[in-house]
Amino acid sequence: METCQRIAICVKGAQPIRSAMAKGNRMPAEGPENPENTATSAGRSQKGESTSRAIVRDVVKGLYEGRYVAGQRLVEPDLMAHYNVSRSTVREALKELGSEGIVEIAAFRGAQIRKLTRAEAANLFSITEVILGLAARQAAQNIDAPGAREKIEGLFRAMSDYHDEDGPFGFLLRRNRYFRQLVTISGNAEIHRILPRLQVHLIRNRLAVPPTERIEGYRQITRAVLAGDAIAAEEAAREYVRKTAACILPHFPE
């Protein structure tokens with residue numbers, strides 16, 4: 001069996017945000033889904049969304065893209081300049097990130113992206129296994145909803161056709177779309193709320209099973225869901241999480 005392969009999503013030796021902004025007072029370029037990256041556009045909120053929430057959303061997006069990494073300090077003046085906001089807005093965003101367990105705030109040291117221990121990561125995988133299994137089970141039960149089959153089949157093909165030489169982030173975007181659609185079909189709004197919070201912690205130090213095994217895991221989930229086999233769909237999703245955890249957990253610190 002092929003061994004687990006490391007995907008270089010995270011930057012080794014995390015530095016304060018100030019270091020990343022040294023040249024031209026700008027952060028590294030964002031991913032293809034949001035090419036704008038000026039300080040103003042980075043802090044721009046979506047309709048009905050507060051500025052602090054827009055910052056939270058961008059930090060989470062940055063974790064997926066590698067702009068933010070575990071252990072990285074979030075320096076208030078740098079965040080103020082980058083997002084073109086006041087100190088109070090930055091502190092509100094950091095407080096929200098702290099409440100979601102993404103950021104740790106310590107006296108005299110400020111805020112930094114939370115680092116997970118191996119035990120903490122194992123607990124998150126255990127929860128993710130149950131929740132993703134439930135999403136797959138309920139999606140299988142609802143697969144006859146109009147358009148559900150076509151959407152899942154199309155998103156699975158998008159993952160299957162992806163080539164790793166194109167870089168890891170593109171695949172992560174496709175994988176996330178696949179799971180979001182799976183949850184949408186499940187009809188379970190609570191999973192929509194919970195699952196992203198779990199994934200954002202596990203994306204850091206991301207590893208993956210070899211491509212052939214990885215796609216086979218998604219194929220098993222897709223096949224069971226399309227067949228309307230709720231029990232098989234749940235087991236396939238849980239097995240996918242277990243295999244992923246087996247690859248990733250040894251690389252978290254004790």
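The values are calculated or read from the model by the stated rules, or taken from the named source; none is laboratory data. Quick caveat: nothing in here was measured; it's all calculated off a predicted structure. Every residue, glycine among them, receives a Cβ derived from its backbone with ideal geometry; neighbour counts consider all protein chains shown.
With respect to the stated conditions, ILE131 fails to be within 15 Å of ARG223 (Cβ to Cβ), out of contact with any strand residue (DSSP E or B) (no Cβ under 7 Å at 6 or more places or on another chain) and assigned by TED's automatic domain parsing to the domain that holds THR212. Among the helices (runs of 4 or more DSSP H) confined to the stretch 63-152, the ones with at least 3 residues that are within 17 Å of the chain's Cα centre (by Cα) and surrounded by 15 or more Cβ atoms within 10 Å (Cβ to Cβ) are located at 118-141.
For every residue, the table says whether it meets (1) modelled with pLDDT under 90; (2) of a type outside the set (Phe, Trp, Tyr).
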residue: TYR178; (1), (2): no, no
residue: ILE191; (1), (2): no, yes
residue: HIS201; (1), (2): yes, yes
residue: LEU207; (1), (2): yes, yes
residue: PRO210; (1), (2): yes, yes
residue: ARG214; (1), (2): yes, yes
residue: ALA224; (1), (2): no, yes
residue: ILE231; (1), (2): no, yes
residue: GLU239; (1), (2): no, yes
